[in-house]
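Everything below concerns the one structure shown next.
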Amino acid sequence: MAHGPATLADGWRAYISRWVFTTNHKDIGTLYLWFSFAMFLMGGAFAMIIRAELFQPGMQLIRPEFFNQMTTMHGLVMVFGAIMPAFVGLANWMIPLMIGAPDMALPRMNNLSFWILPFAFAILTSTLFMEGGGPNFGWTFYAPLSTTYAPESVNFFIFAIHIMGASSIMGSINIIATVMNMRAPGMTYMKMPLFVWTWVITAFLLVAVMPVLAGAVTMMLMDINFGTSFFDAAGGGDPVLFQHVFWFFGHPEVYIIILPAFGVVSQIIPTFSRKPLFGYSSMVYATAAIAFLSFVVWAHHMFTVGMPIAGELYFMYATMLIAVPTGVKVFNWITTMYKGSLTFETPMLFSIAFVILFTFGGFTGLMLSIAAADMQYHDTYFVVAHFHYVMVAGAVFSGTAAIYYWLPKWCGKMYNETMGQVQFWVAFIGFNIAFMPQHFLGLAGMPRRYADYGLQFADWNMVSSIGAFIYGGAQIMLLYNVIATIRNGKPTTEEKTWEGAEGLEWTVPSPAPYHTFAKPPEFK
Amino acid sequence: MSTDASNRRVVVKSLFGAAGMFAFAIFVLPPMYDLFCEITGLGGKTGDEYTAVDVKIDTSREVRVRFVASNNASMPWVFKPTQDSVVVHPGEPTEITYFAHNVTDQDMVSQAIPSLVPNNVADYFHKTECFCFENQPLAAGDQADLKLVFIIDPDLPAGVNSVTLSYTIFDITDRVADPIAQL
């Protein structure tokens, strides 16, 4: 390759310019992945502060005002800074390799959509150092908490959300264009790898709902600064409208987070089962069905605002309906493993844990969807436990699986299998110690988002905090494993890292050259 | 068609879609929400000024109407109904008052926002005169009886024996261009 990328040997200036001006999908994928990991550690640090304060009843370490900022920032950073960019990074790296394209369809826009993200999060994080503090109204930023009663820094928060939205929309358009126009000859839609399918559906969801989020924060901005009354009853508005607009974005958002995770797992499980994915087309249709249903169930997040019984019943049944396509997916993953010649390398361990724990989180979701029961569960730790089972054991476990699965392809080095498996078990055990007790706390009536709690909740909170510290430690191990692999990993040059792997990404050398598929590959 | 041209089409269509969803969130969702609440009576928003029609007073039926008042956030006025509740016959115009007292040393303007429960009766509660149709200016230290005339529609669903009308009073002094002129 005559024009390889600049390395450190070419000097610092060339090296930095390479990353700042890069339009290479692999470089941008790498940037997204490192950025999201940095955000993951920052959001994780916030979580550690939260759990340290909740280790014992009473206030020991921080003030309640700061606690509120920590819960808010933890949610915002993890959702918008860690999980979403991580999957965009995977999409950047893997989609062109999987569909046989030389690069993303719109490389310059790709560069822009990444490089505005660090600014968004710099703005968001800087609010913590401002007078009055950062956002303290919960990651769902309900009005009027986020308007009338918000700290001064709320305008920075709004601007940061706008930038994140712009970044996501550009990234999604890029993925849609790439998948629609750049597939290798012979790769029809129904032959695309499932990761590509789930991502293209996710991209459509993003284009549809990120503007709604932008609309919600824009209305907040106008209420706060320009005297409108979208969410202010004094001027004829309604705070409940905010919740409708937010969850009209927010519910598709949870599938934006989980659908690419489904895609990753659907790549990994067949590889280590040495069998093709069971029910490929039903997987595609189930994904599309979930995406469609996500638009018509939003008010199940707000059963307690005062809804007529007909509305509660509709949103309850519509929500339960989502369990059907999700059940199809879980069935297909299990059936793929059935009678396969299974091996349990680290990516497979994370994927199996994903299937078990995500299904568990899905079932608690079904409990929450029961409108009558939700009156008790609403805004308790039961909800916290539920969404951490689907977001962490779902999205984060599948992201970790993806890192171990594709790392040899990315850097041409093999990770240490023992270290990988140790990290898995620490993460798996730590996660369950942290979040399983939160179900009990929630059912016993402990409300979420409080800096303190009654003495009757003390024991399980201590257990939960210990688990959270273990799980936090597991992420440091992941960082160590990745860096150790890049620096000292056993070199691997074989194209097919995993014996049972299928797909175009396993036809290029390891590490994947800077430019791949300059000529479209043959795809049968 | 070349890949570049197809890409451009995807970008244009997607951006168009995204802009459409942004406009939908700001310009369509809020009016749609209001319309939905108006049609279903959800949110307990009562209607605008009602012109009384000649209906027979249904003396066979009694409905208790309760009155509630609350102050929004930092609104310092004293604001309360003069009577806790009244018993009326459907079809019969009834006059009641709320009492407001501006206890501050500043001229202020307020706006009262009604809400009615149960929320399926909002369409059967008519107001022919109400202080809530306009804003209420009060000079520093002044007080006033605010008048409300309402009629319960004789078509009020059977089984509803009591309704509760709540007013929340908001400080809108900052929103009014010239508070003094309001007095």
Does residue A:166 qualify as being assigned to a helix (DSSP H, G or I), within 14 Å of chain B (Cβ to nearest Cβ), at pLDDT 95 or above and in contact with a Gly (Cβ under 7 Å, 6 or more places away or on another chain)?
no
Taking region B:28-37 and keeping residues at the interface with another protein chain (Cβ under 9 Å from one of its Cβ atoms) and of a type outside the set (Asp, Glu) leaves B:29, B:30, B:33, B:37
Exactly one of B:84, B:58, B:54 is modelled with pLDDT under 85, surrounded by fewer than 17 Cβ atoms within 10 Å (Cβ to Cβ) and acidic (Asp, Glu), and that one is B:54
Filter region A:230-259 for residues that are touching a residue at least 60 places away in the same chain (Cβ under 8 Å) and charged (D, E, K, R); the one that is nearest to residue A:326 (Cα to Cα) is A:253
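Tell me which residues, restricted to region A:439-467, are among the small types (Gly, Ala, Ser) and on the phi < 0 side of the Ramachandran plot.
A:442, A:444, A:451, A:454, A:458, A:464, A:465, A:467
Residue under question is residue A:245, and the condition is that it be part of a helix (DSSP H, G or I), within 14 Å of another protein chain (Cβ to nearest Cβ) and over 23 Å from the mean Cα position of the chain (by Cα); does it hold?
So residue A:245 fails the test.
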If we ask which residues in region A:269-286 are of a type outside the set (A, V, I, L, M, F, W, C) and within 10 Å of residue A:332 (Cα to Cα), their number turns out to be 3
(1) more than 7 Å from chain B (Cβ to nearest Cβ); (2) touching a helix residue (DSSP H, G or I) at 6+ places or on another chain (Cβ under 8 Å); (3) at positive phi; (4) not β-branched (Val, Ile, Thr) all hold for residue A:239 apart from (3)
Taking region A:471-524 and keeping only residues that are surrounded by fewer than 17 Cβ atoms within 10 Å (Cβ to Cβ), closer than 26 Å to residue A:277 by Cα and among the polar types (S, T, N, Q), one is left with A:507
Within region A:207-235, of all residues that are within 8 Å of another protein chain (Cβ to nearest Cβ) and touching a Ser or Thr at 6+ places or on another chain (Cβ under 6 Å), the one nearest to residue A:302 (Cα to Cα) is A:210
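Which residue is nearest to the chain's Cα centre (by Cα), if the candidates are limited to region B:105-138 and must be outside any strand (DSSP E or B), more than 11 Å from chain A (Cβ to nearest Cβ) and surrounded by 15 or more Cβ atoms within 10 Å (Cβ to Cβ)?
Checking each candidate, the answer is B:132.
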Considering residues that are assigned to a helix (DSSP H, G or I) and either more than 16 Å from the chain's Cα centre (by Cα) or over 19 Å from residue A:118 (Cα atoms) (or both), the number found within region A:65-104 is 15
Quick count over region B:2-18, residues being hydrophobic (A, V, I, L, M, F, W, C) and more than 9 Å from chain A (Cβ to nearest Cβ), is 3
- Query: Would a scan of region A:51-69 turn up a residue that is surrounded by fewer than 23 Cβ atoms within 10 Å (Cβ to Cβ), under 29 Å from residue A:518 (Cα atoms) and either touching a residue at least 12 places away in the same chain (Cβ under 8 Å) or in contact with a Lys or Arg (Cβ under 8 Å, 6 or more places away or on another chain) (or both)?
  - Reply: no
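Taking only region A:178-199 into account, find how many residues are within 14 Å of chain B (Cβ to nearest Cβ) and either surrounded by 24 or more Cβ atoms within 10 Å (Cβ to Cβ) or in contact with an Asp or Glu (Cβ under 7 Å, 6 or more places away or on another chain) (or both). Full working, then the answer.
Filtering region A:178-199 down to residues within 14 Å of chain B (Cβ to nearest Cβ) leaves A:178-185.
Checking which are either surrounded by 24 or more Cβ atoms within 10 Å (Cβ to Cβ) or in contact with an Asp or Glu (Cβ under 7 Å, 6 or more places away or on another chain) (or both) leaves us with A:178-179.
The qualifying residues number 2.
The values are calculated or read from the model by the stated rules, or taken from the named source; none is laboratory data. Owing to the predicted nature of the structure, the values given are computational and were not obtained by experimental measurement. All Cβ positions, even for glycine, are placed from backbone atoms using ideal geometry, and neighbour counts span all protein chains on display.
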